[in-house]
Amino acid sequence: MADLKKKRMLTDKIFKVIFLIFISLGLVVLAALIYDIVSKGMVMLDWEFFTRFDSRFPEKAGIKAGLFGTIYVIGLMIPITFFVGTATAIYLEEYAPKNKLTDLIKLNIANLAGIPSIIYGMLGLGVFVRYLNMGRSVLAGALTLSLLVLPVVIVSAQEALKSVPDSLRNASYALGANHWHTVYKVVLPSALPSILTGFILAISRAIGETAPLIMMGALTFVMFTPQGIMDSFTVIPIQIFNWTSLPKVEFELVAASGSLLLLILLFILNGLATFIRYKYSRK
């Protein structure tokens, strides 16, 4: 027994060392990648880069169309995803009967979070662009991205609602509140910080997506900004993808500038999610 215990301890130590080596290598690669993006991206990242449209000449190329398109698409996606995702989670956790059908629905929602994003692009192309005749519009893009991140939002909201102690619910019932008032006035405010954290992380994923929007037909070379939800558009990741595919070497610097801007946006959103969790966990 003693020898077996020693072998297990030795095996655990070996696995820990291997794990630490892989983590260290991953951090080194990530640091090298960030350094490469920052060093190249700072060359072209100036005010004119934000105010110019795309161009065939790298020194004249800008990200204005992609920036405005991203703001339109994500700005429209946020209310759709938040209200639908939160309402679905509330129904599944607080109102749906506890049976095998509900468990099956929850399992399928969790599985949907792991489906490749290009599948959602095909779904958006078939349903929103063609069947509902929305075309390659901002609305179609926002709905496609909403489908992509809804499973993540629903699952995170469910976990947040589960974390609310039953004692709060029982106290509300004891004071004479009905089920809806208990959910609206007690459960939801308590779970809201965790719901917002998961929601912000889901937005971070949506901002960096390229495949579903390309699949549904979003434009790559755009010389205008959308003026409404039915206008055509492009987004920052698609412009970066387009620049990296161009033959001129100088477009690598332009693509690096776009990647740096996208990286800054993602850091801000992830930092905001961390701040919300830290602030409300202390309370």
Which of S194, S163, S137 comes first, and how do the rest follow, when ranked by fewest Cβ neighbours within 10 Å?
-> S163, S194, S137
Report the local net charge at A256: Lys and Arg +1, Asp and Glu -1, summed over other residues whose C-beta lies under 15 Å from its C-beta.
-> -3
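Stretch K98-S24 to full length: gain in nm at 0.36 nm per residue minus the Cα-Cα span? Show your work: numbers first, answer last.
Working: separation 74, 0.36 × 74 = 26.64 nm, distance 4.46 nm.
Full extension of this stretch gives 22.2 nm more.
Calculate the FRET efficiency for I268 and D46 from the Cβ-Cβ distance with a Förster distance of 25 Å, rounded to the nearest 0.05.
On the way: r = 20 Å, r/R0 = 0.78.
With R0 = 25 Å, the Cβ-Cβ based efficiency is 0.80.
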Mind jotting down the distance between the C-alpha centroids of region 209-232 and region 145-166, whole Å?
-> 28
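Using helices alone, what [θ] at 222 nm do you get for the chain, with -39,500 (n - 2.57) per DSSP H run of 4 or more residues, divided over all residues and rounded to the nearest 500?
Working: 12 runs with 200 residues, N = 283.
Taken over the chain, the calculation gives -23500 deg cm²/dmol.
Calculate the translational D of the chain in whole µm² s⁻¹ from Stokes-Einstein, where the hydrodynamic radius comes from the Kirkwood formula applied to all Cα pairs, the temperature is 4 °C and the viscosity 1.567 mPa s. Don't skip to the answer; put the middle values down first.
Details: Rh = 21.7 Å.
The estimated diffusion coefficient comes to 60 µm²/s.
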The chain, Gaussian network, Cα under 10 Å: of K13, K98, K248, the residue fluctuating most is K13
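Give, as a single signed number, the net charge of other residues whose beta carbon lies under 15 Å from the beta carbon of L161, with Lys and Arg counted +1 and Asp and Glu -1.
Residues close to L161 contribute a combined charge of +1.
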Most fluctuating residue of L20, L262, L30 in a GNM of the chain with Cα springs under 10 Å: which is it?
-> L20
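Dipole magnitude of the chain about its Cα centre, charges +1 at Lys/Arg Cβ and -1 at Asp/Glu Cβ only, in debye to the nearest 20?
That gives the chain a dipole magnitude of about 940 debye.
What number does region 90-227 give for Rg over Rh if you use C-alpha atoms and the Kirkwood radius? Kindly include the intermediate steps, with their values, before the conclusion.
Values: Rg = 18.7 Å, Rh = 17.1 Å.
Value, to two decimals: 1.09.
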Rounded to the nearest 0.05, what FRET efficiency is calculated for D231 and A110 with R0 set to 35 Å and r the Cβ-Cβ distance?
-> 0.50
Cα-Cα longer than 23 Å, checked against K64/K279; K16/K162; K162/K279; K106/K185, kept in input order, equals K64/K279; K16/K162; K106/K185
Can you tell which of I14, I71, I238 shows the greatest fluctuation in a Gaussian network model of the chain with Cα springs below 10 Å?
-> I14
Only Cα pairs under 8 Å and at least 6 apart count here; give the relative contact order of the chain as a rounded whole percent.
-> 27
Among L246, F49, L272, flag the residue with its Cα farthest along the positive direction of the charge dipole of the chain, charges on Cβ as +1 for Lys/Arg and -1 for Asp/Glu.
-> L272
For region 78-155, shape from the Cα gyration tensor axes a ≥ b ≥ c, cut at a/c of 1.5 then a/b versus b/c, turns out prolate
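Would you please give the FRET efficiency between Y35 and I80, computed as 1/(1 + (r/R0)^6) with r the Cβ-Cβ distance and R0 = 45 Å, to the nearest 0.05? Let's see the in-between values first.
Details: r = 37 Å, r/R0 = 0.83.
The computed FRET efficiency comes out at 0.75.
Every number in this text was worked out from the coordinates using simple rules, so none of it is lab data. Not measured: the values here are computed from a predicted model. Because the Cβ atoms are built from the backbone with ideal geometry, glycine has one as well, and the counts that use them run over all protein chains shown.
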